[in-house]
Structures are given as structure tokens and as C-alpha cells.
Amino acid sequence: MVELMDVSSRASSMEYAIRDVVVPAIELESKGHEVIRLNIGDPLAYPGLPTPDHMVSAFKSALDRQDNGYGPSYGIQELRDAIADSEMSKGWHCNSEDVYVTHGVTEALQIIFASFLGDGDKVLAPGPHYPPYMAYPQMFGATTIEYRMDPEDGWRIDIDDIRSKMEENVRLLVLINPNNPTGNVATADEIDALLEIASEWPKCAVISDEIYDGLDFTGDFVSTASRSESTPVITLNGVSKVYFAPGWRVGYMAWYDPLGITTLVRDGVERMLRSRLCASTPAQYGFLAGLQDNSGWLEEHKAKIKERLDYCLERIDGIEGLECQKPGGAFYMFVKIKDPMIASDDKNFVLNLLHEKHVLLVHGSGFSPEFGKGHFRMVSLPPLDQLEEAFDRIESFLGNS
């Protein structure tokens, strides 16, 4: 009998609900079933939301002129300059030296966590939240504690809950704005209150994940760094969502730290960035073209998403057993399952729907076992006819449950 090698606990305990549910979907598709996928926030997976032509052309031009070599570890200078200008336009002083280009926001998170966290440290993140905020800290001996967002009030931040959970070992306080998976857009007052709490803990910095900032439908979005007086804020953003190029895998972190509190941590970040070489060089030129273009293409994409989002909310409102707080941004709906029996096992609901009606959602507990349970997340990215068919199947499934 062959003795199996042991797997590390950090790998065996890793979960990513958004893609984990794809495994049974692929099996169904291999048997000839057509699955309507509403699980992943990839605009390119659906018609009508392409990467803009001028960005694709810039990417191709970089290839044509053989800009395929290793780039600077912190990002090509032209892109860092353009990102700094973009952040400056949001109301805070950002130099290009404050910008680090990464292999998507997920790499930025891994590097930040590796530089900030050690055994016994904690990350305080919203519940529900994007899964890597729960999964990655454990790789460095830390844990994630969730703070509550109010499911009955548009998923507003529960400031009192944050205050009650802050302590000396909390090194990072996370804000995802607009939020994934709920679509909540934090107000300036909420952000100010969060920053005030963080300012009371000198070893704590704020991560502000703003990857959906251009998909704000409320007019309330403000950059977290623009509201901070001295608390360090690390802004995360990239090309994936607002520039509709998720497969390019280019993101960035921009550091606001006027007092230099994070100097030692930033040295660690820079060491790690140098050790992993660089982000994709031609993709950086594509992103640069997106930042430099003001032709209004985003408004056209945004209008399509808003139309589809409104349709989804209308259909959800008409289905007995479902309820959804209106999202203020991004392209997700975090839908409440009202039947307590069904809601008690939301993953089972998602898998049963997949196998019986071939519609793929993501279980809410995959975004937070405590605060996401009894919900499911779906995207509003498909065209209206595909969304109509998906909701017809969901309605039929609930009618037979």
C-alpha cells in the first residue's frame, strides 16, 4: 500500500466558494447539460461587456514592439504615474512612489498580509466579504475576525461591532467599498467612523479595497484615503472590474501614510515585490491606456449593468421566498432565502438548484459562515434573455421545494 504524503493544513483548509461550486457544474456540462453560470464576477464571460478596444490595442502594441521583458518590480513608471494621478483625482495626495503594481489585487493582498501579519495577529474584515480575506491570513499564522454589516439596512457597516472587536492584535482593518458580495456603498460618515476607530490603535492600518469604485450607482462613493488625516490607508484597485479585463491580472496598492508609520512594513513589501520580479509588462500598458482614455465608454458599460441589475431586482421581488437589499454598486446581488429550513443549508440549496435546474449560484455562507448564511450571491452580468431564463428556473425550483 502506498503511503500518501501529508498536505499542509494551510492548503487543505483553503476554500474559495466562488470557484469551488464550479467543480460539479463542469461535471454536468461534461454530460451535455447547459448550465447558466451566475457565480463569478467576470464581465468577459457574458456578451456585451468587452474589454475596450483602445486597451486591447495598447496591449497588442506592447507585444508588437517586443515589450515582453521583465519590467520594474514596482510597475512601469508611466503606469505608476497615471495611477497616482487617478488617485489624486479622488481627493488625496498620492505620489507615484506610493504606488505598487501587482499581479492582480489578490497578489497585493498576499504581500500585504505577509508583511503585516505574524502568529496571533488578526485581520478585521466585513462579514460577508470576498473569500481571500478569510483564507489568506491563516497562511501567515493570523486569523480573520468578521465585523457585522446590517442585512436589514442595505448592509450598512455596524460601527459599534467594529469598536467592540478592535484590540492590540488587530493589524489590519478592511473596508471593501463597494462591497463584494452585497453591493453596499459606504457613506463618508461610515468611513469617517471606521477611520476614527482605527486611529486609536497605532499598530493598525486600513485596507480599502476599491476595485468596484467606478461601478457606483449611488453617488456616495468616496475614497477612504481622502477621508483620513493620519491613519495609514492602503488602497487596492486594478484593471479587472471597472476596466473589464480580469484575465490580464494587473492590480495595484497605493499607500497613504503621511506620518511614515508603515515605513518598516513598506520595506518588507518592497523586498517581496523585488523577489517575485514583476507584473505582466504588456498588460500594464493596456491598463495605462484605460487610465488615459476619457471617451465615455465606461458609462455605456455601466448603463448595461444597471439595466440588468434593475431587472434582477424586479424578478427577485416577484419570487416568493426571496428577498434582496438593493445594491448600491458593483454587479452582485446578495439574496436572502426566506424559508428557514432551506436557508439553514444554503450550500445544499445552491447544489440542488444546480443539479435540478442547471443554474449556478454561490452560497452565502461561502462569503461568511456567520453573516452570509441563508443567502446566495449572483451576478447581474448576463444579457436579459439569459437572466430571464435563469430566474424562470429558480422560480420553478422554489415552487417545487
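Values in this text are rule-based calculations from the coordinates and carry no lab data. Treat the numbers as computed from the prediction; the structure is a model and nothing was measured. Positions of Cβ are backbone-derived with ideal geometry, glycine not excepted, and every protein chain shown enters the neighbour counts.
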Sole residue being over 20 Å from the mean Cα position of the chain (by Cα) and either over 16 Å from Val101 (Cα atoms) or in a helix (DSSP H, G or I) (or both), chosen from Asp220, Asp267: Asp267
Is there a residue in region 263-270 that is in contact with a Gly (Cβ under 9 Å, 6 or more places away or on another chain), of a type outside the set (Lys, Arg) and surrounded by 18 or more Cβ atoms within 10 Å (Cβ to Cβ)? no
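Does Ile83 satisfy the criteria of being β-branched (Val, Ile, Thr) and in a loop (DSSP other than H, G, I, E, B)?
Numbers: β-branched (Val, Ile, Thr): yes; in a loop (DSSP other than H, G, I, E, B): no.
The answer is no for Ile83.
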Suppose we filter region 47-63 for residues that are surrounded by fewer than 19 Cβ atoms within 10 Å (Cβ to Cβ) and not in a helix (DSSP H, G or I); how many remain? 3
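Answer yes or no: is there a residue in region 363-373 that is among the basic types (Lys, Arg), out of contact with any Asp or Glu (no Cβ under 7 Å at 6 or more places or on another chain) and surrounded by 15 or more Cβ atoms within 10 Å (Cβ to Cβ).
Residues of region 363-373 that are among the basic types (Lys, Arg), as a first pass: 373.
Subsequent filtering for residues that are out of contact with any Asp or Glu (no Cβ under 7 Å at 6 or more places or on another chain) retains none.
No, that holds for no residue.
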For region 133-143, state whether one or more residues are touching a residue at least 40 places away in the same chain (Cβ under 8 Å), over 24 Å from Arg80 (Cβ atoms) and not in a helix (DSSP H, G or I). no
What helices (runs of 4 or more DSSP H) completely inside region 303-401 contain at least 2 residues that are over 18 Å from Asp42 (Cβ atoms) and in contact (Cβ under 8 Å) with a residue 60 or more places away in the chain? 346-357, 384-399
Could you say whether any residue in region 191-203 is in contact (Cβ under 8 Å) with a residue 12 or more places away in the chain, touching a Phe, Trp or Tyr at 6+ places or on another chain (Cβ under 9 Å) and hydroxyl-bearing (Ser, Thr, Tyr)? no
